[in-house]
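The block underneath contains the structure these notes are about, expressed in structure tokens.
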Amino acid sequence: MRPPRRRVPENPATVRRRLVALTGTLSAFVALTLVVVVQVVLAGASTSAVERVLADRADAVIDSAEATSDPGTLTVSSTRLDPGVAVYGADGARVAGTVPPSLREGFERLSHSAVEQTTEVGEAYSVLARPFALDGGTRGVVVVAEPLAPYENDEHTALVVSITAGALMIVL
């Protein structure tokens, strides 16, 4: 029969190193998780903000639209026609607004929309097409574009801040 083995106490420096390594690993995991969560939440908030802006701008244009004495034709107050806003009649012909050259193809495609739809044109713009009908039955489609660059800049800034804060947390 063998005598029981005596447990040799570990060197305190070794225990400390293992504890520091475990804490650093755990901190890195928490920091990475927080960065990912912040970016996902911010991306969702940016998308929601773009959709709200597009909807508000479309509503403002529709509220200013009026039927003319000529049945089926529209007029829209020029104060509501920002760059990147166009109004189309039921036949798909543009009746008001200006279309940036880079968005012309997308606007023309959306000018015949029978249902509300949002699409991205390239990676630079989000575009909303909203069909509407006035009280007299005159129909039209408003197409509104919103540049995505300001929202993406905010996301990039938040990413840099998140990574910096995560790195600082790990170092501490």
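General remarks:
- Scan region 60-80 for residues that are at pLDDT 85 or above and more than 18 Å from Gly136 (Cα to Cα) and the total you get is 1.
- Of all residues making up region 16-54, the number that are among the polar types (S, T, N, Q) and in contact with a helix residue (DSSP H, G or I) (Cβ under 7 Å, 6 or more places away or on another chain): 3
- With respect to the conditions (1) loosely packed, with under 15 Cβ neighbours inside 10 Å; (2) among the hydrophobic types (A, V, I, L, M, F, W, C); (3) touching a strand residue (DSSP E or B) at 6+ places or on another chain (Cβ under 7 Å), Leu22 lacks only one, and its number is (3).
- Residue in region 2-18 that is under 30 Å from Val160 (Cβ atoms) and open to solvent by less than 90 Å² (accessible area, probe 1.4 Å) present: no
- Only strands (runs of 3 or more DSSP E) whose full extent lies in region 109-172 are considered here, and the ones with at least 2 residues that are among the polar types (S, T, N, Q) and open to solvent by less than 80 Å² (accessible area, probe 1.4 Å) are 117-121.
- Residues being among the β-branched types (Val, Ile, Thr) and either in a loop (DSSP other than H, G, I, E, B) or open to solvent by 100 Å² or more (accessible area, probe 1.4 Å) (or both) - total across region 90-108: 2
- Looking across Val38, Val61, Val87, Val53, one residue alone is outside any strand (DSSP E or B) and open to solvent by less than 30 Å² (accessible area, probe 1.4 Å). It is Val61.
- You will find that of Ala93, Ala158, the residue that is modelled with pLDDT under 90, under 30 Å from Val20 (Cα atoms) and out of contact with any strand residue (DSSP E or B) (no Cβ under 9 Å at 6 or more places or on another chain) is Ala158 and no other.
One line per residue, one yes/no per condition, for (1) among the acidic types (Asp, Glu); (2) under 27 Å from the mean Cα position of the chain (by Cα); (3) over 30 Å from Val160 (Cα atoms):
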site	(1), (2), (3)
Val35	no, yes, no
Ser69	no, no, yes
Gly97	no, yes, yes
Pro101	no, yes, yes
Arg104	no, yes, yes
Ala145	no, yes, no
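The values are calculated or read from the model by the stated rules, or taken from the named source; none is laboratory data. Bear in mind that the values here come from a model prediction, so they are computed numbers and not experimental data. Neighbour counts are summed over all protein chains in view; Cβ atoms, including those assigned to glycine, are modelled from backbone coordinates with ideal geometry. To get the accessible areas, we keep the full protein, side chains included, count just its heavy atoms, and leave off ligands, DNA and RNA. Shrake-Rupley method; radii C 1.70, N 1.55, O 1.52, S 1.80 Å.
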